[in-house]
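Working notes for the structure below.
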Amino acid sequence: MADIQYLAPRTLDEAVGAYAAAAGAARILAGGTDLLVQMRSGAVRPGVIIDIKKIAELTRIEETPDGGFRIGAAVTGAALAEHPRFGKVWPGVLEAVNLIGSKQVQGRASPGGNLCNASPAADSVPALVAAGATVTVQGPNGRREMPVEAVPAGPGRTSLAPGEIVVRFTLPPRPAGSGDAYLRMIPRTEMDIAVVGCGVNLTLRDGAVTAARVSLGAVAPTVLLVEDAAKALIGSRLEEAALEAAAAACRAACRPINDKRGTIAYRTRVAGVLLKRAAAIAAERAGRA
Amino acid sequence: MNVVSNKWIGQRTIRPDGADKVTGRAAYAADATMPGMIWGKILRSPHPHARIRSIDTSKAEALPGVKAVVTAKDIVDFPVDTPVPLGIQDMRWMCRNVMAREKALFHGHPVAAVAATTEEIAAEACRLIEVDYEVLPWVIEIEDAIRPDAPILHDFLRFEGRPSNIAGKLEHRLGDVEAGFAEADVVIERSFATRPVHQGYIEPHACLVSVAPDGKTTIWSSSQGQFMVRAMTSLLTGIPQSDIRAIPAEIGGGFGGKTIIYLEPVAVMLSKKSGRPVKMVMTREEVMRATGPTSASRSTVKIGARRDGRIVAAQGTFYLQAGALPGSPIRGAAGCAFAPYDIPNVHSVGYDVVSNRSKVAAYRAPGAPIGAYAVECVLDELAEALGMDPLELRLKNAARQGTKAAHGPVYPRIGFAETIEAALAHPHYKAPLGKRQGRGVACGFWFNAGGESSAQVNVTEDGNVVVTTGHPDIGGSRASIANITAELLGIDYRRVSVLIGDTATIGYSNLTGGSRVLFASATVVTQSVEKVITQLRERAAKIWGIDPDAVKWEDGQALPAGDNAGRFPPLTLKQLAAKASETGGPIGAGVQLNTTGAEGGFATHICDVEVDPELGIVRVVRYTAFQDAGRAIHPGYVEGQMQGGVAQGIGWALSEEYVYDRQGRVDNASFLDYRMPVCSDLPMIDTVIIEVPNPKHPQGVRGVGEVPIVPPLAAISNAVYNALGRRFYSLPMSPPKVLATLEGAAA
Ligand SMILES: Cc1cc2nc3c(=O)[nH]c(=O)nc-3n(C[C@H](O)[C@H](O)[C@H](O)COP(=O)(O)OP(=O)(O)OC[C@H]3O[C@@H](n4cnc5c(N)ncnc54)[C@H](O)[C@@H]3O)c2cc1C
């Protein structure tokens, strides 16, 4: 077995430089809860590992003056949970990040790793998409910004260019009366992988939905932003007809597969059920906000 | 034994192995190391069924660091036409299971093994072995394997005169079922299916083996029986048993799955060839692909009763998947299915079906949950058809002392009816149910076993006690043996140490299985302690110069009795031990026996479920298990067994199953996708221990470890019916299946 070189740069520029120089032989290491498992099973055999946890910007949580948040890509689920404000503003995103694995996994796992691992079932990704989050990416050609949903390209594949590293997530400021929620269907009660995941982010005024974003995980090769579902909700007072229309839009958007974790019919049905339940939770939170 | 005055029997004493286990000091097989040790790895078949034309190991052997390569040529061959049974295994099948011989019979079947200086080199060497396979058509599911045009696994297997995948048939008959059904007012007949499930022990199989230049062989391994390891390894390697010392490591779960060996003979041959100690540790994936789960099943059960609820006839047909080689637990399915009931006319048949998946191994009450699932679900429908309470129906037909069971015995005093009565009287049975909740009940039986056990009880020079037995302790048997020894000797529990001997230090002891260990080892330990007490009385008599019959043993000391009462001050165990040399030498005794009289175990379970009908999720929200333990020597470990069996039954009923891909490979060979319940999936499982002492045991013990996995499958199914009004006839009741069934019902 070939030796593995381990690097832990202090700056992003060093990391990007080393990543580009390794020309495909390198892997970024955040929490390692996907990477190390894949290395153990022999699925990936990197020659160089670049640990990004020593880079300040990647492990920082910042609230911007306008009320938005910048979350470093390598921030752990446990650190995000301890932030005094984040969970109050984005309870749905936080619950999605905190659903990943167990207490032990939470001490390591990051939303950046969850996104870049590009599993269609990644839990934090639909919640971040529903939140309208963007990512900042840095590579040999500098920085760029893109919506979260533009990163996954297929199971295990991202649209990141060679040498690009995800630096941080940016969540927009929240209008009053906003709430979000993320629900997943798993056969067990924990330590499982989403068969369907659904994120809903709503803004309500006087009981009517003024803005909505809906996303689905594990029902297509990549996370889905379901605009038709959002349209069905916007302008409604979340009456049963509107919820049913949004659920129907979710079912229509599904392009799942039959596999050991669920059938096409099951995943499609459940997408609609989770939409309704997540919308109810998001609305309840919006009412309190 | 006077139960009321017991001081130690019935106490929840601290487990002797507890501190080591919770602090991580306990030594499991994978913890063993030796100077000069090298690593063994197995090359496994990539095909579910293929003839092995040739194996070229030259490239692997040439790789630097490789010290030995082994194939089927190095394992003793047992020709298929001469049975060589050993326990529940047959060496004809064992030799083909540990290393594929003529054919690879399942994906993951070992075809060669390498030992090298590192695990990585061994794995690399496996990749360099060239196997020329003739790929053959394969078959996995029972219904496919018994079709007339099915690919045949073994040319030598014939059923009803033709080549077949049916490897065997077992039949129990009592009375005349035709006549019985003719008498019945209500007859219910249903068919059921279950999926293969794995024992799911946390510790993967592991061993360290050292073959010295003089041929003396030492094996440290995780198993349910060091003597089983020695015997099978001896047969498969040709090394005499007297040259093999098998040392049992602490075991991280077995549930029957470690009553068989996989690695030891291979490691022995690798060690013999290389001259180095060889360690082998399976990965979880290897455990899931190539070690024994239990069978999938297809069953049909028909039961007839008179209008008053008296069951008059019962018939069952059980097809069990054996895996690649014969030997599924049809005896457990066909034999236990109707055993809880007093039914005059019974016909029960089991078929052993081979197919291209890993060979099954014992799993907690092997086969019995499969039989009980079908029978107890049919009884639920029968109770409904008769308008009877399902527990009352069972009570009315419960087997009692004197009942003749279809599988042979006439029962002595048993405590089955008591478990049903306790369930009927329990608050759980009458508790109100919430929305979308349902309640189900089921009963179960397991044979239990006696068999060979050896014990040695020695008094130390400082007057304490060391007990050695020959059974790996899986369920807390060391604590129970210490309770019994302390009770009989009248000394503090903490003065008794209980150890598990290896094959060289204690006499032959059959394996830890069949719920036999406490039954059998308590018998030999009791007799050994009685001999020790006789010696102690003799020593005291000698010191006092009186007749040994005039000495009694009480509260840990010898007392002059009868006419001599009060003539001498008592002599304690410590005082007698201090004088042992002068009074006749070391004090200690051993007993070796083939124990008999292990009477059956019976259980009744109540289960409440809650269903999410939109997602198809079934959760068990309340569960109470009632069981006749005979005598609970250590109630904590009896409860632990009951809860463990229920937890595994819940997994079997709701979430566990092997999934195969289109290439005949296991598609979920990990704990992520092979879904055993996690803690948060289970409610607190309540237990009610009933004690109807086994008349054939010194303390009244009955086996307790296996019967608790027998009722849950049906109890949960019946509860789901009660919640939804829909019956499920196959397991697991996984969310997609539940939702599809409900939608089918709605459409
Ligand atoms: C026991 C267990 C339970 C789990 N449960 C869940 C669950 O419930 N839900 C779920 O969604 N996932 C689950 N996972 C998967 C995993 O924990 C998550 O995907 C986690 O978010 C990965 O984060 P990480 O920081 O550990 O990533 P790593 O393993 O460090 O990285 C993952 C991948 O992303 C790349 N990468 C990481 N960071 C960056 C970056 N900033 N820029 C570019 N590439 C990057 C890495 O090179 C690697 O390919 C579980 C894993 C385990 C072991």
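Any read-out appearing in this document is the output of simple, stated calculations on the displayed coordinates, not a laboratory observation. This structure is a prediction, so every number in the text was calculated from the model and none was measured. Using ideal geometry, Cβ is built from the backbone for each residue, glycine included, and neighbour counts are taken over all protein chains shown.
How big, in percent, is the set of alpha carbon pairs in the protein assembly as shown lying more than 41 Å apart?
On the way: 268247 of 536130 pairs.
Cα-Cα pairs of the protein assembly as shown separated by over 41 Å account for 50 percent.
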Number of partner chain Cβ atoms within 10 Å, mean per residue of B:547-554: 0
Report the semi-axes of the equivalent ellipsoid for chain B in whole Å, largest first, where each axis is √(5λ) for an eigenvalue λ of the Cα gyration tensor. 42, 38, 22
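Dividing the convex hull volume of the Cα atoms of segment A:5-171 by its residue count, what figure in Å³ per residue is obtained? Don't skip to the end; give the middle numbers.
On the way: hull volume 18.1 nm³, N = 167.
Once divided by residue count, the hull of segment A:5-171 is 108 Å³.
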Proxy exposure order for A:Lys88, B:Lys279 (fewest C-beta within 10 Å first) is A:Lys88, B:Lys279
Taking chain B and dividing mean pair separation by its residue count, relative contact order in percent (alpha carbons under 8 Å, at least six apart): 15 percent
Once label points are set 7 Å from the Cα along Cα→Cβ at both B:Ser191 and B:Ala62, what is their separation, rounded to one decimal in nm? 5.6 nm
Provide Rg and Dmax in Å for segment A:178-288, with only Cα atoms included in the calculation. 13.4, 45
Where in segment B:474-514 does the label zone of B:Ser5 land, with the point 7 angstrom along Cα→C-beta and an amide N cut-off under 13 Å? B:488, B:490
Which value in nm describes the separation of the simple spin-label points at B:Val84 and B:Arg567, placed 7 Å from the Cα toward the beta carbon? 6.3 nm
Across peptide B:615-622, how many C-beta atoms of other chains are within 10 Å of each residue C-beta, on average? 3
To two decimal places, what compactness ratio does segment B:274-393 give when its Cα radius of gyration is scaled by 2.2 N^0.38 Å? 1.40
Compare the peptides B:373-380, B:68-75, A:97-104 by average per-residue count of other Cβ atoms within 10 angstrom and give them in order, highest first. B:373-380, B:68-75, A:97-104
Per residue of B:659-667, other chain Cβ atoms within 10 Å number on average 1
Based on alpha-carbon positions alone, could you give the equivalent ellipsoid semi-axes of segment B:159-301 from the gyration tensor, as √(5λ), descending, whole Å? 43, 18, 14
Can you sort A:Cys250, A:Cys198, B:Cys679, B:Cys95 from fewest to most other Cβ atoms within 10 Å of each residue's own Cβ? B:Cys679, B:Cys95, A:Cys250, A:Cys198
So what's segment B:577-657 giving for Cα Rg divided by 2.2 N^0.38 Å, two decimals? 1.97
Taking just the alpha-carbon atoms of chain A, what radius of gyration and Dmax come out, in angstrom? 18.8, 64
Would you mind telling me which residue in A:Ala249, A:Ala278, A:Ala21 has the biggest mean-square fluctuation in a Gaussian network model of chain A, where springs connect alpha carbons within a distance under 10 angstrom? A:Ala21
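Taking neighbour Cβ counts within 10 Å as the exposure measure, how do B:His426, B:His605 sort from fewest upward?
B:His426, B:His605
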